[in-house]
Ligand code: IMP
């Protein structure tokens, strides 16, 4: 049985949580393969809004097994809070949440290091979510990390202490004014570890191999977006993992030839949270209107998201890198009421017209070149099928499909599960 992937094609926040939730009933297993609590996947159903950070979005469905893969970094404290929230809704996670022994643990000192590193960068800061993501992946690639499987060893606290001591010297080295109470943070951390240890730890690559042999269907749920990929994103304003399709292979132990459909999610416009280049960003009232109607505030940090027109150069790049086979367009409803819509089809890069993403898309190098299409007035949020779509929305969809060369199979017209139109 094949593995399907679901990935964000812009700078994150495309609405992956909602789509995984919609798709979950079709899969036996939902697996997260990278990132950590920097992600915030929002799901809305029965009038209640849930935000998940590390736990896969299949947790609200009765039968799906949810795997946190080896490529994920886990903060026990945040994980415990997520579990507490599931308890409130009587979600039985014990039987359907499995954690890879090879996943790395975010220590309290990783979070402090993140803050120290950002403070030391001053104006050049990444705009990190400050969840300790970068420092934890640094320890992973530096071969110093503490993994979930270590918690099953008698000497894990010793390993913890050695790592935390190293971090304390690094924090001192940054020489920035950051106040923290480590004993207090550790108390909370050790409590949370106890809860984490009550869950099932697995050799997830073996589990997923076996599941494939048994004919189980697997959906790998990406976090963040392709332009935040450590290799292919707008470096250094990126996260510290591979958010693109290849990350699912290394983050779960799935072989490339086992991947079948790659679902690529994008917003009908573009947003970005944190620092870094964003060629189609709007600084005027159009951008403000998108932010307001689209309720564009980070699910993890609450920060306002930067908004702008749809960038097809970015979208095409992400589709190529990921091998996207089906597109899903989110938040179509937010664009209702705009007289004209702009789409970026090329860049003016250092005085030359180009149609690909160059090494640097900083403002001083790149100016977007737009095409303009007609907007629509109609409210889409109550629509239940494509036949009800205004003609100009149909044209907008066709324009994107023709440009990218991949069909748009889903159009989302609101945050609820039900506001999802399949084509
Ligand atoms: P970090 O991953 O927390 O270190 O943040 C690095 C960059 O990625 C910052 O610009 C964040 O705002 C951005 N980022 C991280 N996770 C997400 C996400 O889930 N959605 C959108 N942006 C994110």
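We did not get these values from a lab; they are worked out from the coordinates using the rules stated. These figures come from a predicted structure and were not determined experimentally. Cβ placement follows ideal geometry from the backbone for every residue including glycine, while neighbour counts extend to all protein chains displayed.
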Checklist entry - Mean 1/r over all different Cα pairs, inverted: what Kirkwood radius does segment 24-69 give, in Å? => result 11.1
Item to check | Highest average packing first - 303-310, 226-233, Cβ atoms within 10 Å | outcome: 226-233, 303-310
Checklist outcome for this item: In whole percents, the bins of 5 Å from zero upward hold the Cα-Cα pairs of segment 59-163 as 2, 11, 18, 20, 17, 14, 10, 5, 2, 0
Checklist outcome for this item: Everything considered on the Cα gyration tensor (a ≥ b ≥ c; rounded for a/c under 1.5, else prolate if a/b is larger than b/c, else oblate), segment 140-269 must be described as oblate
Checklist entry - Between residue 84 and residue 418, what is the spin-label point distance in nm, taking each point 7 Å from the Cα along the Cα→C-beta axis? => result 3.3
Item to check | Order by protection proxy (mean Cβ within 10 Å, highest first), peptides 116-127, 406-417, 257-268 | outcome: 257-268, 406-417, 116-127
Checklist outcome for this item: Only helices counted: for the chain, with every DSSP H run of 4 or more residues adding -39500 (n - 2.57) and the sum spread over all residues, [θ] at 222 nm is -9500 deg cm²/dmol
Checklist entry - How long is the chain along each principal axis, judged by its Cα atoms, biggest number first, in Å? => result 65, 50, 40
Item to check | Ranked by how many other beta carbons lie within 10 Å on average, peptides 378-386, 330-338 from highest | outcome: 330-338, 378-386
Item to check | FRET efficiency, 1/(1 + (r/R0)^6) with R0 41 Å, evaluated for residue 387 and residue 51 via beta carbons | outcome: 0.75
Checklist outcome for this item: A student applying the Cα gyration tensor rule (rounded when a/c is under 1.5; otherwise prolate if a/b is larger than b/c, oblate if not) would label segment 59-117 oblate
Item to check | Euclidean distance of C-alpha centroids, segment 143-171 and segment 235-279, integer Å | outcome: 29
Next on the checklist: Based on alpha-carbon centroids, what's the gap between segment 335-370 and segment 210-230 in Å, whole number please?
Outcome noted: 31
